[in-house]
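Reading through the structure tokens given below for one structure.
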Amino acid sequence: MADIAANLAAAKVQVRRAVFRRTSDPAEQKRMLAALKADRWAGDPFLARQMRQHWKRGRNRTHDQIVVRADQHNTVVDGRGRLWLAVPGLQRRRMVRIPLSTTVAPTGTLRLILRGGRVEVHYQIDASQMRSSQRPCGDRTVGVDKGYTEVLTDSEGGRHGCRLGVLLASESDRLKERNRRRARLRSIANSAAGRGDHAKAHRITVNNLGTVKRDRQAARHRARVRTEIFTAVHRVVDKAASVVAEDLTKRFAGRKMLGKNVNRRLAAWTRGVTAEALANVSERRGSALVHVNAAYTSQACHRCGRLGRRNGDRLHCTPCGVVWQADVNAAINILQRAGDPDIALHTPHHKVKQILQDRTDRHRTRLPVQDSSPATAERRANNPNRSAMSNKQEAASCT
Ligand SMILES: [Zn+2]
């Protein structure tokens with residue numbers, strides 16, 4: 001609003017000059033300037049023309065969609081049970097009929113988007129009416145870590161959405177191969193155009209470098225990944241009343257990191273979808289989503305807090321003498337961050353490291369004194385058996 005007001009004021013300066021250029025009659029000048037000042041310029045043809053010329057407005061670059069008001073469309077079911085949507089066309093009283101691929105009639109204000117020779121009908125629905133919204137959430141508090149081969153790993157050792165890795169890898173390979181081929185065709189077209197063979201260049205552009213099929217396949221892939229991610233989040237919410245997670249909308253990597261690399265772009269995108277799914281599903285099913293600071297959660301041993309050695313999906317903690325499943329360990333760390341008195345959501349990275357170090361240092365200086373005392377034996381008894389814990393995590397299967 002402030003921008004619009006500023007642009008309006010700037011336009012009036014220009015128009016005022018135009019008024020003085022147009023007439024030297026003081027009465028006429030006064031009339032026009034008064035109309036301009038009182039925002040009555042639309043009534044005067046000269047002022048209106050000048051304002052249209054000088055008032056900078058936003059430019060709409062949307063060219064493939066229209067919005068249809070709720071009272072201007074209707075749906076009919078034909079004899080074969082197919083649903084048709086009728087919307088106003090360019091001719092008066094002639095509705096344009098669109099066959100729909102669903103049996104649920106869209107309601108309310110519609111947005112029609114023309115994409116790849118198809119019409120997409122977008123409309124709002126009440127999330128509380130959705131079937132998944134009726135499903136209650138679980139009753140536990142669960143920490144989750146975002147993985148690469150699976151969507152989420154929870155602090156109880158459960159893996160969710162295990163097909164994500166395969167989906168992303170195959171898509172990234174396919175894209176790389178396709179982009180390579182398209183680049184080759186484009187260079188053939190460019191060299192043909194350089195030779196003056198514009199017919200050939202045109203043929204290649206039209207027949208081999210189209211975007212309809214490519215866009216449709218991309219949309220289908222996106223839909224598959226979204227389903228995988230949302231299903232995984234539903235599995236977590238099935239057992240959790242409270243989901244503790246890293247804030248995935250926060251960006252660590254700068255724009256530079258994304259670049260041309262297909263893998264990174266896909267990873268960044270799935271990160272965003274996972275964040276959306278966590279917020280959306282939690283909201284719909286009534287579980288709480290708690291964001292925590294995830295700094296060093298993938299590197300620190302959840303039992304002793306020291307930074308371990310990462311080797312693939314394993315995390316070696318030398319002081320504990322244990323090998324953890326890296327992402328289960330991270331999920332447990334994330335869960336523990338929810339109740340951490342020192343590490344808040346926005347505590348800087350280096351401070352988190354300092355806090356973790358201080359804690360283990362304190363632990364180390366206390367150890368020799370307590371090592372032979374009964375307290376240590378008691379603590380050992382309270383801790384879950386190391387090898388049993390590892391075995392449990394090995395057996396963790398994907399849901
Ligand atoms: Zn440890």
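Remark: the chain carries 64 Å² of accessible area per residue (probe radius 1.4 Å; ligands, DNA and RNA excluded). P(r) tail, region 245-362: Cα-Cα pairs separated by more than 19 Å, 56% of all pairs.
Report, to the nearest whole %, how much of the accessible area of the chain belongs to carbon and sulfur atoms, 1.4 Å probe, protein only. Don't skip to the answer; put the middle values down first.
Values: 13170 of 25630 Å².
Exposed carbon and sulfur together represent 51 percent of the surface.
For region 73-212, the Kirkwood estimate of the hydrodynamic radius, built from every pair of different alpha carbons, is 21.1 Å.
Of the listed peptides 151-160, 319-328, 349-358, what is their order by residue-averaged count of other C-beta atoms within 10 Å, with the highest listed first? The partial results should precede the final answer.
Numbers: 151-160: 24.3, 319-328: 18.8, 349-358: 14.3.
Per-residue Cβ counts within 10 Å, averaged per peptide and sorted highest first, yield 151-160, 319-328, 349-358.
A simple charge model with +1 on the Cβ of Lys and Arg, -1 on the Cβ of Asp and Glu and nothing else charged puts the dipole of region 36-143 at about 480 debye relative to its Cα centre. Only one residue of Pro106, His316, Thr227 has its Cα farthest out toward the positive end of the dipole of the chain, where Lys and Arg carry +1 and Asp and Glu -1 on Cβ, and that residue is Pro106.
Only the Cβ atoms of Lys and Arg (+1) and of Asp and Glu (-1) were treated as charged; on that basis the dipole of the chain about its Cα centre amounts to roughly 2380 debye.
Local charge for Asp25 was computed over the other residues whose Cβ lies under 15 Å away, with Lys and Arg +1 and Asp and Glu -1, and equals +2. The residues neighbouring Leu345, those whose beta-carbon lies less than 13 Å from its own, together hold a net charge of -1 under the Lys/Arg +1, Asp/Glu -1 convention.
Contact order, relative form, for region 151-256: 33 percent (alpha carbon pairs under 8 Å, 6 or more residues apart, mean separation divided by residue count). log₁₀ I(q)/I(0) of region 1-70 at q = 0.12, 0.23 Å⁻¹, via Debye over equal Cα point scatterers, no solvent, to two decimals? Evaluating at q = 0.12, 0.23 Å⁻¹ gives log10 I(q)/I(0) of -0.41, -0.98. Secondary structure note: in the chain, about 75% of the DSSP beta bridges are antiparallel. Ordering Met51, Ser172, Ala330 by Cα displacement along the dipole of the chain toward the positive end leaves Met51 in first place; charges were set at the Cβ atoms of Lys, Arg (+1) and Asp, Glu (-1). Kirkwood radius, region 29-94, all distinct C-alpha pairs, inverse of mean reciprocal distance: 16.7 Å.
Would you calculate, for the chain, the mean residue ellipticity at 222 nm contributed by helices, counting each DSSP H stretch of 4 or more residues as -39,500 (n - 2.57) and dividing by all residues, to the nearest 500?
Numbers: 12 runs with 193 residues, N = 399.
Roughly -16000 deg cm²/dmol at 222 nm, from the helical runs in the chain.
Legend: Rg and Dmax of region 194-234, from Cα coordinates, 18.1, 58 Å. Along region 196-205 the Karplus relation, 6.51 cos²θ - 1.76 cosθ + 1.60 evaluated at θ = phi - 60°, assigns HN-Hα couplings of x, 8, 6, 5, 5, 4, 5, 4, 5, 4 Hz to successive residues, with x for each Gly and Pro.
Determine, from the Cβ-Cβ distance of Glu276 and Thr23 and an R0 of 51 Å, the FRET efficiency 1/(1 + (r/R0)^6), rounded to the nearest 0.05. Each step should come with its number before you reach the end.
Values: r = 59 Å, r/R0 = 1.16.
The computed FRET efficiency comes out at 0.30.
In the chain, if the dipole is taken from +1 on Lys/Arg beta carbons and -1 on Asp/Glu beta carbons about the Cα centre, which of Gly117, Val292, Leu90 is farthest to the positive end? Working it through, the farthest residue towards the positive pole turns out to be Leu90. Extension gain, Thr227 to Val77: 0.36 nm times the residue separation minus the Cα-Cα distance gives 51.1 nm.
To the nearest ten degrees, helix 164-195 and the longest principal axis of the Cα atoms of the chain are 40 degrees apart.
Two-decimal Rg/Rh of the chain from alpha-carbon positions, Kirkwood Rh?
On the way: Rg = 31.1 Å, Rh = 27.5 Å.
Across the chain, the Cα-based Rg/Rh ratio is 1.13.
What percent does the relative contact order of the chain come to when contacts are Cα pairs within less than 8 Å and at least six residues apart? Don't skip to the end; give the middle numbers.
Working: 510 pairs, mean separation 57.2, N = 399.
Dividing the mean separation by the residue count of the chain yields 14 percent.
Using alpha carbons only, the radius of gyration of region 288-339 set against its Kirkwood radius gives Rg/Rh = 0.99.
For region 111-209, the relative contact order works out to 11 percent when only alpha carbon pairs closer than 8 Å and six or more residues apart are counted.
What value in Å³ per residue do you get for the convex hull of the alpha-carbon atoms in region 60-106?
Working: hull volume 4.9 nm³, N = 47.
Cα-based convex hull of region 60-106, divided per residue, equals 104 Å³.
Our coupling estimate for region 319-330, obtained by passing each phi through the Karplus curve with A = 6.51, B = -1.76, C = 1.60 and θ = phi - 60°, is x, 7, x, 10, 10, 9, 6, 4, 7, 5, 4, 5 Hz, Gly and Pro reported as x. Applied to region 69-79, the Karplus parametrisation 6.51 cos²θ - 1.76 cosθ + 1.60 on θ = phi - 60° returns per-residue 3J(HN,Hα) values of 5, 4, 8, 10, 9, 8, 10, 10, 9, 7, x Hz, with x for Gly and Pro.
The values are calculated or read from the model by the stated rules, or taken from the named source; none is laboratory data. Computed from a prediction, not measured in an experiment: that's the story for all the values here. Here the Cβ is made from the backbone with ideal geometry for all residues, glycine too, and neighbour counts use every protein chain on show. Areas reflect the complete protein model, heavy atoms only, side chains present, ligands, DNA and RNA absent. Shrake-Rupley method; radii C 1.70, N 1.55, O 1.52, S 1.80 Å.
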